Structure formats: structure tokens, C-alpha cells
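The next block holds one structure in the form of C-alpha cells; read it before the comments.
The values are calculated or read from the model by the stated rules, or taken from the named source; none is laboratory data. Just so it is clear, the model here is predicted, and its values are computed rather than measured. Heads up, the Cβs are rebuilt from the backbone with ideal geometry, glycines too, and the neighbour counts pull from every protein chain shown. Ligands, DNA and RNA are stripped out before the accessible areas are found, and what is left, the full protein with its side chains, is counted by its heavy atoms. Shrake-Rupley method; radii C 1.70, N 1.55, O 1.52, S 1.80 Å.
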Amino acid sequence: MKVLIVDDSSATRFMIRKMLKELGCDVVEAENGKVALETLSSNKDVEVAFVDWNMPVMNGYELIQEVRKDAEYNNMKLMMVTTETEMTQVVKAIEAGANEYLMKPFTKEMVVEKMALLGIEGAVQ
Amino acid sequence: MALEEQDFLYVSKMVREESAIVLEKGKEYLVESRLSPLAQQDGYASIKEMVQKLRETGELVLKLKIVDALTTNETSFFRDLKPFEMLQKELLPELIEKRKDQKRLEIWCAAASTGQEIYTICMTIRENFPWLRDWNVRILGTDINQEVLDKARRGVYSQIEVNRGLPATMLIKYFEKSGIDWKIKDDLKSMTEFRKMNLIKPWGSVGRPDVIFMRNVLIYFDTDTKKEILGKVRNIMQPDGFLFLGAAETTLNLDENYVRRTYDRGGCYTLKGKDAK
């Protein structure tokens, strides 16, 4: 299963990539929403995107809005992965089209549990 | 029976060395709730006595058991997912049909711990069967440890705890922010009642549950105690009720009066010859 990690922090991307690789996922990365859209256009088989909220150029919230406008990505699961922990932000992300919300910091077990909620239990080991 | 500070510090240091899991101060309740069943199972009078034995002998098997008890079976919302899916899609619709005249349902979480399982059941009911508000629905949570029950009753969870297994849509609907923590809304809390109870002592009144969640409890007990508990469950559970055990637990070779009912890769247990389906 291919997963896109969108985060402006290379350290965070490294950490998430390590977790996902251990779970058997293929990983592609982008450092902001704009690059993520470009990455997606050449990686049509991405099934899940882990999207940070606060990024330069195009933030995660804007990225989710853009992705959800495009019917081509209807089946793609979007998980907001962020330090934003206010209820208003959770509501905003879900209303924009995020399927799940993971608050930083998190562990691999939390990623597995959230993936299961997205219906991809067993797809990752 | 509070855990003494020196014992807590000893255990937390050992677990940190063995598993890299950090048990900070304030997690005494967790250590107690995880180690109490182990101490009982191994015949110690208290956790203190068990920890004392470890300090004196450094016995490897005991050390591993303690580390195992403290590092596995961590609870989370919607833990293992499938039991709640089975409850929602198969068991509750069946029970609701059967009990539509009495309008009465009883669910018992026999190891309620810090409450994630019982609140998951409440969310499953509110979300899928909202009309059960008009029914007499009793959802009882019991645990051997008073501190975890107090936490369950408060229904306040840290960010790390709500990160575990809880769908964002449920977080939005059934929680409210309380400082840096997340608090279960009163409407959901009002569905529950909690009581301290030791499974190897007389049970008192747990009613006649239609569904019993007793997951990851039997693993702590020896064979005779497992048989005794399963026998007591049989006596109090509704004849057409359902029993959930942990994924690594079974009634097989312990009590032949149970029948496995499968669902996806999981399942639950019913009583032989009594399941109307």
C-alpha cells in the first residue's frame, strides 16, 4: 500500500516514514501541500495521505480542501496529523474532508489503530 | 491498598530498562491495576510482597511476567474493533428484537479498567440505536482497582489516550475539551455505572447481563480459577446472552457449555443449546 506523507519537517517525515516502512507500506513524501498535489499527480496509487496542518506555501487544511474537490481522489483516505489539538480544529479538518485526525506526538500503535479505523486493517503488518 | 512509592519506583525503573516504556509518577493506578491480578494468580498476598520477592531474588520469570503485565493489554477506545462491530451489526439487533417487549438490556464490562471499553459500548449504542434512550439499558463497569474505576467514572482522558483507537467523528460528538484533556460528555457518562469488584471473590449483584465483556482477564488466572469464573458467568448471563473474551482467550478445554460464534476473524461465546439463533 502506498502512503503519502506531507510535512514540512524532515525529521517528522523521517519518523513517520520509518513507522510506515515497518508496517510494510511504500512511502512517498512532500514538504507542503503544493508539492503534495504534484506528487499525487504522478502517484495515482496513493491510498492514504498523512497530512500535517501547519506548512508553508500550502497548508494541510488547504491541501485537504483541494484533494476533496477532485473526484479522482475520492477513494483516497486523508489523515490530518498535527500538533493542533483544539476541538474547533478537529471539527474543521473533518468537515473539510479528512477521514481521521491524529494528534502529535504519536506512536506506531496509534498509527495502526487509526489505519484500522480507515478500514485498512490487515493491509499493513 | 496503595502502591508504596519505593515499589512503584522500582517497578517503573525495571520496566523502563526492560521495555523502554516510561511509567511516570501518577501512573501508580496503572501499575496496581495490571499487577493485582498477577499477584493474586501467583499466590502473593499483595503487589508489595510480589515486588519484594523480585527485589530479593531477581527471578527472571517473575520479572518477565511483571513487564508483560505492564506493557501489554494497554486499553484503547474501540480496542480490536471487531467485537464492537459484531455488537453493532449482529448482537444488539438480535437482542433488541428479542427484548422489545421488556425494553430492557444489560451489559457488563467485567474489567472496565479506565473506562475506554465501556464508553466505546455507550458510543456504539448512541450512534446506532438512539431509540434505546427509551429503554432501560444498564451498562455496568466493574474492576478490581478503585483508582482505575475513579478515572473511568470521571471520564477524562489525555490527548495520548484519545489518540488511541477513537474515531475523530466520535471525539467531536461525545467529548469536550477540558484544559489539555478530553472529557466524556455527561450524556454518555449517564449511561454507565461503576462498581469495585474482584472476580475471584463473591460477585454480589451484577444483574442478568445480555452481553458480557470479559476481555484479557482470564489470562491472569490459573486453570481452576478460569473454570470457576466461566461457570459463574454461565449462571448469571442471560441464556441467550453473549460473552466476549480477549483474542488470546478461549473457553475451550475449560468449560464445554460454551459455543463459539464467529464474526470475521473474531467472535464471542454463547451458551450451548440456549442460543435461539
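Brief remarks on what is shown
- Accessible carbon and sulfur surface of the stretch B:76-145 relative to its total accessible area, %, 1.4 Å: 44
- R0 of 35 Å, Cβ-Cβ distance B:LYS185-A:SER42: FRET efficiency to nearest 0.05: 0.20
- Peptide ranges B:80-86, B:9-15, B:219-225, B:59-65 listed from the most packed, as the mean C-beta count within 10 angstrom indicates: B:80-86, B:9-15, B:219-225, B:59-65
- In the structure shown, the pairs A:LYS34/B:LYS173; A:LYS92/B:LYS27; B:LYS25/B:LYS177; A:LYS77/B:LYS98 are assessed against 28 Å; a Cα-Cα span above that value is assigned to A:LYS34/B:LYS173; A:LYS92/B:LYS27; A:LYS77/B:LYS98.
- 1.4 Å probe accessible area per residue over the stretch A:2-117, in Å²: 43
- Per-residue HN-Hα couplings for the stretch B:111-125 [Karplus 6.51, -1.76, 1.60; θ = phi - 60°; Hz; x = Gly/Pro]: 9, 5, 6, 8, x, 4, 5, 5, 6, 5, 4, 4, 5, 4, 5
- Label zone (A:THR88, point 7 Å along Cα-to-C-beta; backbone nitrogen cut-off 17 Å) within the stretch B:156-175: B:172.
- Sequence ranges A:17-23, B:107-113, ranked by mean other-Cβ count within 10 angstrom, highest first: B:107-113, A:17-23
- P(r) tail, the stretch B:162-231: Cα-Cα pairs separated by more than 14 Å, 74% of all pairs.
- Prolate/oblate/rounded label for the stretch B:143-277 (Cα gyration tensor, a/c 1.5): prolate
- Extension gain (nm, one decimal) between B:THR250 and B:ARG208, 0.36 nm per residue minus Cα-Cα: 12.9 nm
- Per-residue average of Cβ from other chains inside 10 Å of B:161-171: 6
- Accessible-area value, B:ILE47, 1.4 Å probe, nucleic acids and ligands omitted, Å²: 10
- If R0 is 30 Å, the Cβ-Cβ spacing of B:ARG154 and B:GLU56 corresponds to a FRET efficiency of close to 0.20.
- Taking amide H positions as modeled 1.01 Å from N, with prolines and chain starts lacking one, the residues under 5 Å from B:ARG195 and 5 or more places away or on another chain are B:GLY141, B:THR142, B:ASP143.
- Long-range amide H partners of A:LEU78 with built H, under 5 Å: A:ALA49, A:ASN99, A:GLU100
- Taking every Cα-Cα distance in chain B and sorting them into 5 Å bins starting at zero, the pair-distance distribution P(r) comes out as 1, 5, 12, 16, 18, 17, 13, 9, 5, 2, 1, 0, 0 percent.
- One quarter of the convex hull surface built on the alpha carbon atoms of the protein assembly as shown amounts to 21.1 nm², the projected area averaged over directions.
- For chain A, the Kirkwood hydrodynamic radius from C-alpha pairs, put into Stokes-Einstein at 25 °C and a viscosity of 0.890 mPa s, yields a diffusion coefficient of 174 µm² per second.
- Less than 5 angstrom separates the built amide H of B:ARG138 from those of B:LEU105, B:GLU106, B:ILE107, all sequence-distant by 5 or more or on a different chain.
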